[in-house]
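Data first, discussion second: the structure below is written as structure tokens.
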Amino acid sequence: MDRRKFMNQLGAGSAATVLPSMMLSFNTSDLESHKTKPLVFGIVADVHKDLMPDADERLEKFISEAQRRKVDYIIQLGDFCMADNENKDFMNIWQTFKGPKYHVLGNHDMDRNSKKEMLEFWGMPKTYYSYDFHGFHFIVLDANFLYKDGVFIDYEKSNFYVNSSYRTFIDDKQIAWLKADLEATTSPTVIFSHQSLWHYQWGVKNRLAVQKIMEGHKEKIICCMNGHNHIDFHHHQNGIDYLEINSMSYQWMEDKYKNTQRYPKAMYEQYKWLPNMATYRDPLYAFASIDPAGTISLEGIKSQWVPPSPYAMGMPKSIYGNEYSPEISDYHIQFGQK
């Protein structure tokens, strides 16, 4: 069975499946020159503190496990929390991890705030940036721009609730920066974004411009990781692997599938969007390990729906690439060979 046929038959719900190795053209002899050791980092996406009643407890479990594993750093992929005083305790939980911590801006993080306010509240240096760790390179992108009448406009204070054709762009200045950054690095690279750099329906609108640059340096790219879509999925395209990291907390349901039986009545009175949220019993998160021999492995948490599941409420199964599930799969991807 060829690889394309295999991937077409692999559903996102195959939580225990370990993908076969996918070879890129990076030479691991270059990696060995860095004299690196395996790098392990923790990943969480779409916690949605401002929507989830138990967001604090969910984050605490992730931080506790990250500390137990003694990971090198942690990163959150956006839709984390807004810059409100009542969220300071939540941020204090994040700060209990004593190692390096990195942030990616999500679209809902600017529901009430500007990007500048979010940077200050999170202690984030810039909206997009890069960093090096143990001989590996990491890039964080900001796809939170409107594009209208030839002008890129920063998301702020819910201004992105407009026609969807105007939103989810990466501005030209940042794309030029990405090109220069990839040209400058000699290290194998992971690219983080909140919105997908590949997804045909929910991805970055001008992703072809980004993909063209990345594909010109695909020998350097280990993979791309994103949140936003609240799905568990892997996509391989033109020599680059894209990993969708599921939400820590829930899947959004249309009104016709909403439910008020999962939690006590008082919670629904306090959290008005809770009826539309099909929540996961356990918090979802993942740990990635990059081996200098040329592999990246992702170990994800598998949970269950807090009943009733969205399917019990009559929701049909989504098409391939959009499936909903309460889990993050395990992956093993090769990005080089000796």
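The values are calculated or read from the model by the stated rules, or taken from the named source; none is laboratory data. Given the structure is predicted, the values throughout are model-derived calculations rather than measurements. Here the Cβ positions follow ideal geometry from the backbone for every residue, glycine too, while neighbour counts run over all protein chains shown. The protein model used for the area step is the full one, side chains on, heavy atoms only, and it has no ligands, DNA or RNA in it. Shrake-Rupley method; radii C 1.70, N 1.55, O 1.52, S 1.80 Å.
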**Item:** Straight-distance crosslink candidates among lysines, where the alpha carbon sits under 20 Å from Lys212 and sequence neighbours closer than 8 are dropped
**Value:** Lys173, Lys179, Lys220
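Accessible area per residue, 1.4 Å probe, Å², for the chain: what's the number?
Accessible area per residue, the chain: 43 Å².
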**Request:** Can you send over the carbon and sulfur percentage of the accessible area for the range 142-201, probe radius 1.4 Å, protein chains only?
**Result:** 50 percent
**Message:** Using the Cα centre of the range 290-338 as the reference point, and only Cβ charges (+1 on K/R, -1 on D/E), how large is the resulting charge dipole? Debye, rounded to the nearest 20.
**Reply:** 100 debye
**Prompt:** Can you give the charge dipole size of the range 183-332 about its Cα centre, rounded to the nearest 20 debye, using +1 on the beta carbon of Lys and Arg and -1 on the beta carbon of Asp and Glu?
**Reply:** 560 debye
**Request:** Mean Kyte-Doolittle of at least -0.5 plus a Cα span of 15 Å or more along the axis: flag which DSSP H helices in the chain meet both, please.
**Result:** 172-184
**Message:** Can you compute the modelled spin-label distance between Met313 and His217, with each label point 7 Å from Cα toward Cβ, in nm?
**Reply:** 4.2 nm
**Message:** Less than 15 Å from a label point 7 Å out along the Cα-to-Cβ axis of Met267: which backbone N atoms in the range 298-338 qualify, by residue?
**Reply:** 304-310
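Kindly give Rg over Rh for the chain, based on alpha-carbon atoms, with the Kirkwood expression for the hydrodynamic radius.
Rg/Rh: 0.94.
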